[in-house]
Every structure is written in C-alpha cells, then in structure tokens.
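Enquirer: Okay, here's the structure, questions in a sec.
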C-alpha cells in the first residue's frame, strides 16, 4: 500500500541525507535539518483505473543561520528522486515513475523562521500500481 511511511522508506533508500519526518502530524522544532513528507492529492486514476497518481510534498528545513543549507539539501533530494531507477517495487507497490508537479524546489517563505532556519518545498507526482 502506498502511504506516507512508504514514501519515507523510499526516500531513505535513495539516501536523502537528513532525518525524514511524517508530515501528517506535528513537525518537531528539532532537529534543525529535516525532510518532511506530506501526502497531497495527485491527478487520480490512469490506465482505466489500473494505476493511480498520488502526490507528495517534500519540505526541507536547513541549519540555523545557513540560508543555503535547505536549498542544497532540497536540490540533492530532488536529484535523487528524479534520478531514481524506475520502475521499482516499494513494499508491495510498483512505483512506475515520479516527476515534479511543477518547478524545482523553492523557498517556503522569503523569511527564515524564528530559529533562523530556511525551508524549501517541492511537490511530486508518483504513478503507482497496487494489488487490488
């Protein structure tokens, strides 16, 4: 089954270099450098209902007072996601492809948070095949 935890496991396997947090709950204040994965609506069913295309958002938070840190981590994660080998089996789900739903990772805000940390976000779509 394709869940947030499945996406997190896949990203861990790709070597995303910071702790990966489930974005369906409260995002912790620490550690500074994290990757938050949140499910989002995708574009729906394809191939006469045999495949689905859910979405997920990757939100990267960088180190304090290092504005380039989040961008560098986000671009590295983006390169790993788009450069992954497809198709691949993730748990019991066949992951056919992943692509961005828009452009490259971008700042969440023009201003760092109260801890001096910058955040970048990017949204992806995943074509999946799941057993009925």
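No lab work stands behind these numbers, since they all come straight from the coordinates. Quantities reported herein were computed from a predicted structural model and do not represent experimental measurements. Neighbour counts run over all protein chains shown; Cβ positions are idealised from the backbone, glycine included.
Enquirer: Quick check, is residue 24 touching a residue at least 12 places away in the same chain (Cβ under 8 Å) and out of contact with any strand residue (DSSP E or B) (no Cβ under 6 Å at 6 or more places or on another chain)? Spell out the reasoning first.
Expert: On the way: touching a residue at least 12 places away in the same chain (Cβ under 8 Å): yes; out of contact with any strand residue (DSSP E or B) (no Cβ under 6 Å at 6 or more places or on another chain): yes.
Yes.
Enquirer: Among the residues of region 19-40, write down those that are assigned to a loop (DSSP other than H, G, I, E, B) and either touching a helix residue (DSSP H, G or I) at 6+ places or on another chain (Cβ under 6 Å) or within 23 Å of residue 92 (Cα to Cα) (or both).
Expert: The first filter runs over region 19-40 and keeps only residues assigned to a loop (DSSP other than H, G, I, E, B), leaving 19, 23-33.
Correct list: 23, 24.
Enquirer: Which residues, taken from region 27-42, are surrounded by fewer than 16 Cβ atoms within 10 Å (Cβ to Cβ), touching a strand residue (DSSP E or B) at 6+ places or on another chain (Cβ under 6 Å) and closer than 20 Å to residue 71 by Cα?
Expert: Residue satisfying the conditions is 27 alone.
Enquirer: To continue, here is another question. Which ones in region 89-108 are free of Cβ contacts under 8 Å to residues at least 40 places away in the same chain and either within 17 Å of residue 36 (Cα to Cα) or in contact with a helix residue (DSSP H, G or I) (Cβ under 8 Å, 6 or more places away or on another chain) (or both)?
Expert: We begin by selecting, within region 89-108, every residue free of Cβ contacts under 8 Å to residues at least 40 places away in the same chain; these are 89, 94, 97-100, 102-104, 106-107.
Hits for region 89-108 are 98, 99, 100, 104, 106, 107.
Enquirer: Something else about it: What number goes with the only condition from (1) more than 23 Å from residue 19 (Cβ to Cβ); (2) part of a loop (DSSP other than H, G, I, E, B); (3) in contact (Cβ under 8 Å) with a residue 40 or more places away in the chain that residue 111 does not pass?
Expert: Evaluating residue 111 over (1) more than 23 Å from residue 19 (Cβ to Cβ); (2) part of a loop (DSSP other than H, G, I, E, B); (3) in contact (Cβ under 8 Å) with a residue 40 or more places away in the chain leaves (3) as the failure.
Enquirer: Could you pull out the residue among 69, 114, 76 that is more than 19 Å from residue 12 (Cβ to Cβ) and surrounded by 14 or more Cβ atoms within 10 Å (Cβ to Cβ)?
Expert: 69
Enquirer: Could you list, in sequence order, the residues of region 112-132 that are out of contact with any strand residue (DSSP E or B) (no Cβ under 6 Å at 6 or more places or on another chain) and within 23 Å of residue 81 (Cα to Cα)? Before you say what the answer is, go through the steps one by one.
Expert: Just the residues of region 112-132 that are out of contact with any strand residue (DSSP E or B) (no Cβ under 6 Å at 6 or more places or on another chain), to begin with: 112-116, 118, 131-132.
Across region 112-132, the qualifying residue is only 118.
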